[in-house]
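The values are calculated or read from the model by the stated rules, or taken from the named source; none is laboratory data. This structure is a prediction, so every number in the text was calculated from the model and none was measured. Positions of Cβ are backbone-derived with ideal geometry, glycine not excepted, and every protein chain shown enters the neighbour counts. The area values use the complete protein model at the heavy-atom level, side chains included, leaving out ligands, DNA and RNA. Shrake-Rupley method; radii C 1.70, N 1.55, O 1.52, S 1.80 Å.
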Amino acid sequence: MINISLPGLYGVKEVSLADINGRIVEKMSFSHQGKAADLIQISTASLPAGTYFLRVNTHDQTLKHLVIVR
């Protein structure tokens with residue numbers, strides 16, 4: 001399980017997880033019409049072991065993180 005916690009998570013527009021070949025294996029889009037979530041969770045239970053790239057797009061920046069699923 002990948003847990004993403006940002007203060008208020010305001011401004012998060014999209015979260016994606018790509019495999020080592022760049023293929024998107026999980027993608028979540030958000031519209032902020034109400035209270036923002038405090039935590040975003042992505043299940044890795046169905047993913048094969050390997051290296052993945054997590055990308056969080058906000059209104060003013062893109063955050064990238066390397067994820068290893070075992």
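Looking across segment 7-21 at every residue that is assigned to a loop (DSSP other than H, G, I, E, B) and either open to solvent by 50 Å² or more (accessible area, probe 1.4 Å) or β-branched (Val, Ile, Thr) (or both), the one that is modelled with the lowest pLDDT is identified as TYR10. Does ASN3 fit the bill of being at pLDDT below 85 and assigned to a strand (DSSP E or B)? Yes: the conditions hold for ASN3.
Of the residues making up segment 46-70, those that are touching a residue at least 40 places away in the same chain (Cβ under 8 Å) and surrounded by fewer than 11 Cβ atoms within 10 Å (Cβ to Cβ) are HIS59, ASP60.
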